[in-house]
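Okay, so here's the structure we're looking at.
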Amino acid sequence: MTWLDVVAEDDLADGAAALFRSAFGGEPDGVWIAPGRVNLIGEHIDYAGGLVLPFALPYATAVAVRRREDTVMRAVSTRTDESWTGQLEEIGPGTPSGWAAYVAGVAWALQEHRIGGVDVAVHSSVPVGSGLSSSAALECSFALALSDLFGLAVDRNVLIDASIRAENEIAGASTGGMDQNIAMSARAGHALLLDCLDGSTRQIPIDLAASGTSLLVIDTNAPHRLVDGQYGARRAALDTACSELGVATLRGLPLEEAVSGLVDDTLIARVRHVISEIRRVELAVDLLDGGAAGAELGELMTASHHSLRDDYEVSSPELDSAVDAALRTGAYGARMTGGGFGGSAIALVPSDLVRTVADEITSSATRSGLPAPTFLIAEPAGSAHRFF
Ligand code: GLA
């Protein structure tokens, strides 16, 4: 069984600073760190004006950055030999491509604030392609670095928006904004209730240990499949449903009314997921407000997974195998988390059963010829910040 080590913040920062020195020479002006996340419940509804309940992970991305006197940007990462050097003015949709789009895109989105050139070195402990929001961790750490280094005097909402635009417009991933919000607004020991209709937030205390539970994260190590096309198709389906129903948002619409106003079975199923998932988030928040984080919360998580699997069709054999194995071995509930089509699942587990559950998830994957998963325990961590 493989467990993912938490990398201490000073080791993360040292890794980024060491790469900076070897790639560019001299010292960075500073190091900024932003976390990855899991979403407890509220999946594929951020772009539908829904409610989501993510929390930040103690797995994070560090960027070591130094201002330049010109308008050149250079970006390197400990994850890849692929580096990028370019002029700020050449950044645009599709340029650069690959991982550098997420950093260059942030500089592009903040250009009206008179950003200059920078050198940036990246070091991260957030697994890539695992649905744990490595891209938002990268965008948000870098957005905060630019804000500090160029004295932008803007609040975090501006940096959140810039990070979302980087991902949507430069990297070309039409994601919904949950990940950037949690990276910038997380509080240790809390999940963030984010209302994606009006942007309001509420910090919800979560003390899993006090209720004898653990949140096991299962990175299935399955490559994302067709993510971009399928993700965009789900968003487009909801737009079609809204225009057929003559509403601006599905939020607040009774399920029966939505179902009776639509003809196409697939659209009905997509809408059923969105409306029922919003309700599940409301119920989960009620439970957490009442101090409950056991069987009832687990039931909501499992119902969320079934809805994502059957109605929204964004699960995968690896995710289903992990969820089923967790439920068979005593988890209170389990579900995929993040965009789906591979990536990670989460299971709410009585703490004394964590090893048993992880063992069965691994054996079950092996029996089905699926990749062996990697495990981590999620404890709600804090938001993006300057390390030095
Ligand atoms: C990805 C996106 C988010 C959200 C989730 C699904 O993580 O980045 O905006 O849509 O998928 O809930």
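The values are calculated or read from the model by the stated rules, or taken from the named source; none is laboratory data. The structure displayed is predicted, hence computed values, not measured ones. Neighbour counts are summed over all protein chains in view; Cβ atoms, including those assigned to glycine, are modelled from backbone coordinates with ideal geometry.
Residue by residue through the range 1-20, note down the ones that are buried (at least 18 other Cβ atoms within 10 Å of the Cβ) and either in contact with a helix residue (DSSP H, G or I) (Cβ under 7 Å, 6 or more places away or on another chain) or part of a helix (DSSP H, G or I) (or both). Once the filter is applied, which keeps residues that are buried (at least 18 other Cβ atoms within 10 Å of the Cβ) and either in contact with a helix residue (DSSP H, G or I) (Cβ under 7 Å, 6 or more places away or on another chain) or part of a helix (DSSP H, G or I) (or both), the range 1-20 yields LEU12, ALA13, GLY15, ALA16, ALA17, LEU19, PHE20. ASN168 meets the conditions (1) surrounded by fewer than 24 Cβ atoms within 10 Å (Cβ to Cβ); (2) touching a helix residue (DSSP H, G or I) at 6+ places or on another chain (Cβ under 8 Å); (3) assigned to a helix (DSSP H, G or I) in every case but one. The failed one is (2).
Residue check: GLU277 meets all listed conditions (1) in a helix (DSSP H, G or I); (2) buried (at least 17 other Cβ atoms within 10 Å of the Cβ); (3) away from the ligand (no atom under 14 Å from the Cβ) but one, namely (3).
Note on the range 334-357: residues that are more than 16 Å from the ligand (Cβ to nearest atom) and surrounded by fewer than 24 Cβ atoms within 10 Å (Cβ to Cβ) total 7. Within the range 128-145, restricting attention to residues that are part of a loop (DSSP other than H, G, I, E, B) and modelled with pLDDT of 95 or more, the residue that is farthest from the ligand (Cβ to nearest atom) is LEU132.
Look at ASP148 and say whether it is assigned to a helix (DSSP H, G or I), within 15 Å of the ligand (Cβ to nearest atom) and assigned by TED's automatic domain parsing to the domain that holds GLY98.
no
Only residues in the range 94-112 that are assigned by TED's automatic domain parsing to the domain that holds GLU139 count as the first member; pair them with residues that are in a loop (DSSP other than H, G, I, E, B) and surrounded by 21 or more Cβ atoms within 10 Å (Cβ to Cβ), Cβ under 6 angstrom, at least 6 apart or cross-chain, and list the lot. Hits for this filter: ALA101/ALA171; TYR102/ALA171; ALA104/ILE91; ALA104/PRO96; GLY105/ALA171; ALA107/ILE115; TRP108/ILE91.
Conditions tested, residue by residue: (1) hydroxyl-bearing (Ser, Thr, Tyr); (2) surrounded by 24 or more Cβ atoms within 10 Å (Cβ to Cβ).
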position: SER22; (1), (2): yes, no
position: GLU43; (1), (2): no, yes
position: VAL52; (1), (2): no, yes
position: PHE55; (1), (2): no, yes
position: VAL72; (1), (2): no, no
position: ALA75; (1), (2): no, yes
position: GLU89; (1), (2): no, no
position: PRO93; (1), (2): no, no
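If you go through the range 60-71 one residue at a time, do you hit one that is within 16 Å of the ligand (Cβ to nearest atom), in the same structural domain as ILE115 (by TED's automatic domain parsing), farther than 30 Å from HIS273 by Cα and outside any helix (DSSP H, G or I)? Within the range 60-71, one or more residues are within 16 Å of the ligand (Cβ to nearest atom), in the same structural domain as ILE115 (by TED's automatic domain parsing), farther than 30 Å from HIS273 by Cα and outside any helix (DSSP H, G or I). Tallying residues that are hydroxyl-bearing (Ser, Thr, Tyr) and within 16 Å of the ligand (Cβ to nearest atom) within the range 176-210 yields 2.
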